[in-house]
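See structure below.
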Amino acid sequence: MKKSALQTARSTYEPKIPNTLKGMVQIEKGEATQSISNQEDIKKLFPNTYGMPILKFVEGTEKQQYNPINVGVILSGGQAPGGHNVIAGIFDGIKKMNKNSRLYGFILGPGGLVDHQYMELTGDIIEEYRNTGGFDMIGSGRTKLETKEQFDKGLEILKKLNISALVIIGGDDSNTNACVLAEYYAQTGAGVQVIGCPKTIDGDLKNEMIETSFGFDTACKVYSEVIGNIQRDCNSARKYWHFIKLMGRSASHIALECALQVQPNICIISEEVEAKNQSLDDVIQYIADIVAKRAANGKNFGTVLIPEGLIEFIPAMKKLMSELNDYLAHNEEEFKQIKRSHQRSHIIDKLSAENSKIYASLPESVARQLTLDRDPHGNVQVSLIETEKLLAEMVGNRLAEMAEKGQYKGKFASQVHFFGYEGRCAAPSNYDADYCYSLGYTAANLIGAGKTGYMSSVRNTTAPAADWIAGGVPITMMMNMERRHGEMKPVIQKALVNLKEGPFQTFMQQRDKWATETEYVYPGPIQYFGPTEVCDQSTKTLQIEQTGSYK
């Protein structure tokens, strides 16, 4: 791998870790745990891994002897900055316990375990990837580990390589699969430990023991830099409204964090739209009213941040998409035979009166996107819906109506953007480089302690890294039962934006001022070298959650 000057300098960076992991380590056990809901159901499904205590690593007093161990690692799901440092932390952790331990990476995600595609991760390979972005060391994939056949097939290669512990680095679905796999291997006496690590830039894998999922910090800083650049351009030209869609299908954490960083004129939070039972028309009118207020002050420019999953959170749109999904699931072939020019009118005729009216009101391009190929679960592929274009066009139409009534006097021109993949493989910030390495090092220590069914946990991360708290949380503790594909299944509960908690409340207290004034913040690029207060800051979200305020 050819390195840039930054990568060469960055490769020498030594991630900071909690003091408790630097020397001899011992475990402090907490109280027994239970799942967040559906306790009896979860307990029945996970009799071997349910109810385990929360673990905390503390400085040890006795040196322990560890036998050599072979460990496997899987990167699962979408990329997130810092994944390579998790792997480096695992490698260094198991080598510290015994220099003869070995690490194997399964190629292209969970499918590599099932298909027996792997490579040994030697010191030379690890050195090439320290503090780099991406998952290209071993690749990632979205194969779900959920059947006995897959578990048994995976066990074959684990036994062949004498691997007795497996680390699955992924989001809520991937760690749910890790929990199921840990239970199966424990139940069958396979002799394989399974440990999870929390990853997703969306930020929706979090709870009282998992402060944040890795990659969220870096991705938000990358997006905020570009939004800041756009806002500076916006404030220079003073003639465009920029509609900016941000990755995050199931939660608005990224949009909220970026809003706290850059102070845009408008930021829509999907969870608030749903809680207030707002319609698409309500959202359009809200934006149009702010555009009109700014125009009255001679400001025909501004920025609007939009979460990727907004459409699914608008109750009326959710009903429309549900009916569309059902119709297309049963009439896909018939629909494909209809001429493209007639498909819109055909759908309008087939939908209920309420949904037909909403569908007919949508711009042609968006209506078309709602009928494109479904995902493997039969649902609309929300990421393909150009919500930013939908809002920009409909706001423009609404302003024209308002102008005819004398309610708007201004000039409206829009630009649209979608920031998603740009942030997934960025070089990790110092925070993510440190946090990820600590997660991997903690996972190694959980393996050394003989644990299974745990997720690596590192907390207190707004404090200096030396004071971070490392340990493990039972994955079953995060689970509930949800309906998936028509049946109830155990899954890790997604963490959506909590409208009652500090980050949203802080935003809510400021947004009216940001709307009419121009108080843009231009964060600039991620800083890797320099004062700690510049380089090592966590997200605004974490700062507010843990200290009540942010800088």
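The values are calculated or read from the model by the stated rules, or taken from the named source; none is laboratory data. Computed from a predicted structure; not experimentally measured. Because the Cβ atoms are built from the backbone with ideal geometry, glycine has one as well, and the counts that use them run over all protein chains shown.
So which of GLY109, GLY93, GLY89 ends up being at positive phi and either in contact (Cβ under 8 Å) with a residue 40 or more places away in the chain or of a type outside the set (S, T, N, Q) (or both)?
Details: GLY93 fails: at positive phi; GLY89 fails: at positive phi.
Matching residue, one of GLY109, GLY93, GLY89: GLY109.
Would you mind finding the one in GLY203, GLY215, GLY170, GLY196 that is in contact with a His (Cβ under 8 Å, 6 or more places away or on another chain), touching a residue at least 24 places away in the same chain (Cβ under 8 Å) and surrounded by 23 or more Cβ atoms within 10 Å (Cβ to Cβ)? Talk me through it step by step, then tell me what you get.
Numbers: GLY215 fails: in contact with a His (Cβ under 8 Å, 6 or more places away or on another chain); GLY170 fails: in contact with a His (Cβ under 8 Å, 6 or more places away or on another chain); GLY196 fails: in contact with a His (Cβ under 8 Å, 6 or more places away or on another chain).
Matching residue, one of GLY203, GLY215, GLY170, GLY196: GLY203.
Go through (1) at pLDDT 95 or above; (2) within 29 Å of ASP217 (Cβ to Cβ) and name the single condition MET402 misses.
(2)
Quick one: which of ILE475, ILE469 is among the hydrophobic types (A, V, I, L, M, F, W, C) and within 21 Å of GLN187 (Cα to Cα)?
ILE475
Which condition breaks for GLU31 when tested against (1) part of a strand (DSSP E or B); (2) at pLDDT 95 or above?
(2)
Would it be correct to say that PHE507 is of a type in the set (Phe, Trp, Tyr) and either under 24 Å from the mean Cα position of the chain (by Cα) or in the same structural domain as ASP173 (by TED's automatic domain parsing) (or both)?
Values: of a type in the set (Phe, Trp, Tyr): yes; either under 24 Å from the mean Cα position of the chain (by Cα) or in the same structural domain as ASP173 (by TED's automatic domain parsing) (or both): yes.
When the stated conditions are applied, PHE507 passes them.
Give the range 1-49 a look and list any residue that's assigned by TED's automatic domain parsing to the domain that holds THR188 and of a type in the set (Lys, Arg), or say none.
Those that are assigned by TED's automatic domain parsing to the domain that holds THR188 and of a type in the set (Lys, Arg): LYS43, LYS44.
Given the options SER224, SER250, name the one that is at pLDDT 95 or above, outside any strand (DSSP E or B) and within 27 Å of GLN546 (Cβ to Cβ).
Answer to the selection: SER224.
Find the residue count for the range 5-28, including only residues that are touching a residue at least 40 places away in the same chain (Cβ under 8 Å), in a helix (DSSP H, G or I) and more than 15 Å from LEU446 (Cβ to Cβ).
Qualifying residue count for the region: 5.
For the range 264-355, which helices (runs of 4 or more DSSP H) that fit wholly inside it have 3 or more residues that are among the β-branched types (Val, Ile, Thr) and either in contact (Cβ under 8 Å) with a residue 40 or more places away in the chain or more than 30 Å from PHE507 (Cα to Cα) (or both)?
Details: elements: 270-275, 280-296, 310-313, 315-337, 340-350.
It comes to 280-296.
If LEU145 satisfies all but one of (1) outside any loop (DSSP other than H, G, I, E, B); (2) under 24 Å from GLY189 (Cβ atoms), what's the number of the condition it fails?
Every condition holds for LEU145 apart from (1).
Select from the range 522-538 the residues that are assigned to a loop (DSSP other than H, G, I, E, B) and closer than 25 Å to ASP204 by Cα and list them in ascending order.
PRO523, PRO525, ILE526, ASP536, GLN537, SER538
Please determine, by comparing only the residues of the range 333-357 that are of a type in the set (D, E, K, R) and surrounded by 13 or more Cβ atoms within 10 Å (Cβ to Cβ), which one is nearest to GLU386 (Cα to Cα).
Quick first cut of the range 333-357, residues of a type in the set (D, E, K, R) only: 333-334, 336, 339-340, 344, 349-350, 354, 357.
Applying the additional criterion that residues be surrounded by 13 or more Cβ atoms within 10 Å (Cβ to Cβ) yields 344, 350, 357.
Details: ARG344: 17, LYS350: 24, LYS357: 20 Å.
Top of the filtered list is ARG344.
Name the residue, out of ALA392, ALA413, ALA403, that is more than 20 Å from ILE254 (Cα to Cα) and without any contact (Cβ under 8 Å) to a residue 40 or more places away in the chain. Walk me through how you get there before you give the answer.
On the way: ALA392 fails: without any contact (Cβ under 8 Å) to a residue 40 or more places away in the chain; ALA413 fails: without any contact (Cβ under 8 Å) to a residue 40 or more places away in the chain.
That would be ALA403, the only listed residue that is more than 20 Å from ILE254 (Cα to Cα) and without any contact (Cβ under 8 Å) to a residue 40 or more places away in the chain.
Give me the residue from the range 1-26 that is among the β-branched types (Val, Ile, Thr) and at pLDDT below 95 and, out of that set, nearest to GLN64 (Cα to Cα). Quick ask: steps written out before the conclusion?
Within the range 1-26, the subset among the β-branched types (Val, Ile, Thr) is 8, 12, 17, 20, 25.
Okay, now just the ones that are also at pLDDT below 95, so 8, 12, 25.
Values: THR8: 36, THR12: 30, VAL25: 9 Å.
Here the residue is VAL25.
Kindly indicate the residue of the range 44-86 that is among the basic types (Lys, Arg) and free of Cβ contacts under 8 Å to residues at least 60 places away in the same chain and also surrounded by the fewest Cβ atoms within 10 Å (Cβ to Cβ) among those meeting that condition. First the steps, then the outcome.
In the first step, residues of the range 44-86 are kept if they are among the basic types (Lys, Arg); the result is 44, 56, 63.
Filter once more, keeping what is free of Cβ contacts under 8 Å to residues at least 60 places away in the same chain: 44, 63.
Working: LYS44: 11, LYS63: 7.
Looking at residues that are among the basic types (Lys, Arg) and free of Cβ contacts under 8 Å to residues at least 60 places away in the same chain, I get LYS63.
What are the residues in the range 411-441 that are at pLDDT 95 or above, part of a loop (DSSP other than H, G, I, E, B) and farther than 30 Å from ALA165 by Cα, if any?
LYS411, PHE412, ALA413
Which of the residues spanning the range 474-521 are in contact with a strand residue (DSSP E or B) (Cβ under 9 Å, 6 or more places away or on another chain), assigned to a helix (DSSP H, G or I) and over 21 Å from MET209 (Cβ atoms)?
Within the range 474-521, PHE507, ARG511, TRP514, ALA515 qualify.
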